[in-house]
Each structure stands twice: as C-alpha cells, then as structure tokens.
Amino acid sequence: MLSIVLDQPGHFRLAQAPEPPAPGPGEVLVRVGRVGICGTDLHAFRGRQPFFSYPRILGHELGVEVVALGPETEGFGLAVGDRCAVEPYLNCGKCIACRRGRTNCCERLQVLGVHRDGGMVEWLMVPAHKLHRSLLPLEHLALVEMLCIGAHAVSRAQLLRDEQVLVVGAGPIGLATTQFAKLSGADVAVMEISPARREFCRDHLGISRLVDPQDDAVVALQSAFDGELPTVVFDATGSAQSMASAFRYVANSGKLVYVGLVQGDITFGDPEFHRREMTLFASRNATGADFHHVIDALESGRVNIAPWITHRSVPDTFIQDFPTWLEPERGVVKAMLEL
Ligand SMILES: [Zn+2]
Ligand SMILES: [Zn+2]
C-alpha cells in the first residue's frame, strides 16, 4: 500500500508499505481518506521538531473510514463503512494523568504521526476507543483534531458567560480557540500581525475586535474592551516574546492560557503576575470529551469549517506542493492531503 515517508528534514518519499495484518483485540483497521496538514508537520519537515526521529510517516489530523473490526470492539458502536475522526493521542491508561482522566497529558503519551507512524498511508490500525464516529464528510473529520486543540484550551479556562476574551495569534490553533470561545458565548477579540489573517477572522468568524500587535497593544485592547483589559487571554503564537508580553494583557483577577508552546524559557515579572492574582494555564492536546464537543458543533452547523480549507493536494503532487505551503504569501489556512 502507498505511504508518504519523511525520510529526513526536507525530504519526503512515496513508498510502498507492507499491507496491514488483520486487526487484533480492540483494534480497528481504517482507510485514511483525508489528512490535515499542521504546524507540527511543517516543523518536522524543517527539522525543528524536538525529540523527533526520522524516517517518520506524518499525519495526525485524520478523516478515516472503518475497513475491519478486530475482536473485543463490539462495545464501541462501530461498523464497517463508518466515517470517523481519529483521536491520535495514544495514552497508557495507567499513569497518574490517565487515572485522573487527563489522557491528553499522559506521562507516556505517543501521538500518531509524531512519536510513531501516522496517517499518510492508505490503511492504518487504530485502537477502537480512539475513533469518533460521525456522518460529517472526511475532509471535515480531518479538521476535528485541530479544532479540539482550541476547544480544549477553552475548556481549560472555564469561561463564564460574557467573559472578555483575547486570542493572540490567528493561525489554525488560534482560529480554533477563537471559534470555540465565541461558541461559549464570550466576547472575543483577536490580536494578529497578518492583515490577511485578521481579515479571515472578520469574514469567517465574525470577529470585529481586531488588534494589530504592532500598535500599542495595551492601549488598543483597552479601547477594544471599553477601557478594560480582557479577563481571559489565550496565546496561540508559539512565540516566547508574545507569550511573555501576554502577561500585560490580562485584567486583574484574569486568566492566561498558553495554547502554543516554545522550546525554551518564558520569563515574567512577578509583580505583574501577583498584582493581578492571575491564573496561568497550559493547554496540551485534547481529550475524548473535546472530540465529542467539536463533532457536535460541526454536525449541528454551529461551526462552518469549509472556508478554512484553502489548499488541497494528492500523493502525486504532494511532495512538490508541501514546501510551498510554508510560504506565507500562499495564504494557507489549512492544507489537506487527499489519499
Ligand atoms: Zn496538528
Ligand atoms: Zn498515561
């Protein structure tokens, strides 16, 4: 069967992988239909993904169809032909985080397409409990994982109604965070350096409070929120400088959620932190509950994901197309591989 292997940074190769065996207990064989491309894949391609080993089959944003069910999968409500989103976070089920239901930050977490081979392949074996069934089209199912990152960040913050929210960074994760903060009834502003991305927020997410971080950010925020600062700030930039600056954007008593991450230290002045009695959260991956929430939002039409897909490719052209998606002027929001 066909697979796309990232041999080393900067070098993909089409390869024939061995046919998968029959699924074992608790396993399901799926046909991969669509693979969403995300920042993690771009970092792996550039060789900037820490603790990443090559060769690796990428692909963790997956829209799949059930091909065969192994024994002991009866209780999962799955049948051959079902379409599913894949929760790619394989957790141990035993560590302290897993025992507390925080499967997204398992001590021994293995993410498909990151720590082990993922979905840029025709057929893939997946644990039955990591499949989330839905009638949505495969292309939309392939975006569920990315949306879950945003939905999980929003659930971490436990937004109250009418909360004043700022999302810093309008890449796909920032957009997902914006979308689910809005869905929870919050009043959302977005801070983003790219005019094209600010425009996307206005046109497709209905965000009218848009802030350019090159302006005096604190003043711009105060004017966006009637003289006050946002009570919850999400940083989805993956920039250490932005993440440190974000402490200044939070209202007294407010919360700061780091959705994006950096390899390195973030320093902040304790008086800024203490004076506000601020709460700081990390948000990592997502849980099964987030998958249910996101699929429900898509199925009910409360979230329209169609405009997010700006670029598409098939295996024959993927290797040439992929590097072009790194160029900012291409205006990629989400690129999609059709297998
Ligand atoms: Zn991703
Ligand atoms: Zn665990």
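The values are calculated or read from the model by the stated rules, or taken from the named source; none is laboratory data. If you're wondering where the values come from, they're calculated on a predicted model, not measured in any experiment. Glycine also receives a Cβ, built like all others from the backbone with ideal geometry; neighbour counts cover every protein chain displayed. Areas reflect the complete protein model, heavy atoms only, side chains present, ligands, DNA and RNA absent. Shrake-Rupley method; radii C 1.70, N 1.55, O 1.52, S 1.80 Å.
Can you tell me how many residues within the range 47-92 are within 15 Å of ligand 1 (Cβ to nearest atom) and in contact (Cβ under 8 Å) with a residue 60 or more places away in the chain?
13
Count, please, the residues in the range 200-211 that happen to be open to solvent by 30 Å² or more (accessible area, probe 1.4 Å) and over 22 Å from residue 147 (Cα atoms).
The number of residues fulfilling the criteria is 0.
For the range 173-193, enumerate the residues that are part of a helix (DSSP H, G or I) and buried (at least 23 other Cβ atoms within 10 Å of the Cβ).
So the first thing to find is which residues in the range 173-193 are part of a helix (DSSP H, G or I), and the list is 173-183.
Answer for the range 173-193, where residues must be part of a helix (DSSP H, G or I) and buried (at least 23 other Cβ atoms within 10 Å of the Cβ): 173, 174, 175, 176, 177, 178, 179, 180, 181.
Which ones in the range 1-35 are within 15 Å of ligand 1 (Cβ to nearest atom) and touching a Lys or Arg at 6+ places or on another chain (Cβ under 6 Å)?
Scanning the range 1-35 gives a single hit, 6.
Just to be sure, is residue 184 more than 16 Å from ligand 2 (Cβ to nearest atom) and closer than 21 Å to residue 287 by Cα? Reasoning before the result, please.
On the way: more than 16 Å from ligand 2 (Cβ to nearest atom): yes; closer than 21 Å to residue 287 by Cα: yes.
Yes: the conditions hold for residue 184.
So, in the range 81-101, exactly how many residues are within 22 Å of residue 143 (Cα to Cα) and surrounded by fewer than 17 Cβ atoms within 10 Å (Cβ to Cβ)?
Step one: of the range 81-101, the residues within 22 Å of residue 143 (Cα to Cα) are 81-91.
Restricting the remaining residues to those that are surrounded by fewer than 17 Cβ atoms within 10 Å (Cβ to Cβ) gives 81.
Going through the range 81-101 one residue at a time, the tally reaches 1.
Output the residue which, of all residues in the range 102-115 that are more than 16 Å from ligand 1 (Cβ to nearest atom) and either open to solvent by 60 Å² or more (accessible area, probe 1.4 Å) or among the polar types (S, T, N, Q) (or both), is farthest from residue 64 (Cα to Cα).
107
Name the strands (runs of 3 or more DSSP E) wholly within the range 227-339 that hold at least 2 residues that are buried (at least 21 other Cβ atoms within 10 Å of the Cβ)?
On the way: elements: 232-235, 255-258, 279-282, 309-313, 334-338.
Once the strands (runs of 3 or more DSSP E) in the range 227-339 are filtered for at least 2 residues that are buried (at least 21 other Cβ atoms within 10 Å of the Cβ), what remains is 232-235, 255-258, 334-338.
Among what's in the range 116-156 and is over 24 Å from residue 299 (Cα atoms) and in contact (Cβ under 8 Å) with a residue 40 or more places away in the chain, pick the residue that is nearest to ligand 1 (Cβ to nearest atom).
Going residue by residue through the range 116-156, those that are over 24 Å from residue 299 (Cα atoms) are 116-118, 120-125.
If we keep only those that are in contact (Cβ under 8 Å) with a residue 40 or more places away in the chain too, we end up with 117-118, 120-125.
Numbers: 117: 15, 118: 10, 120: 13, 121: 17, 122: 21, 123: 21, 124: 16, 125: 20 Å.
Taking the candidates together, the pick is 118.
A quick yes/no check of all residues on (1) at positive phi; (2) more than 16 Å from ligand 2 (Cβ to nearest atom):
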| site | (1), (2) |
| --- | --- |
| 3 | no, yes |
| 10 | yes, yes |
| 20 | no, yes |
| 24 | no, yes |
| 31 | no, yes |
| 37 | no, yes |
| 73 | no, yes |
| 90 | no, no |
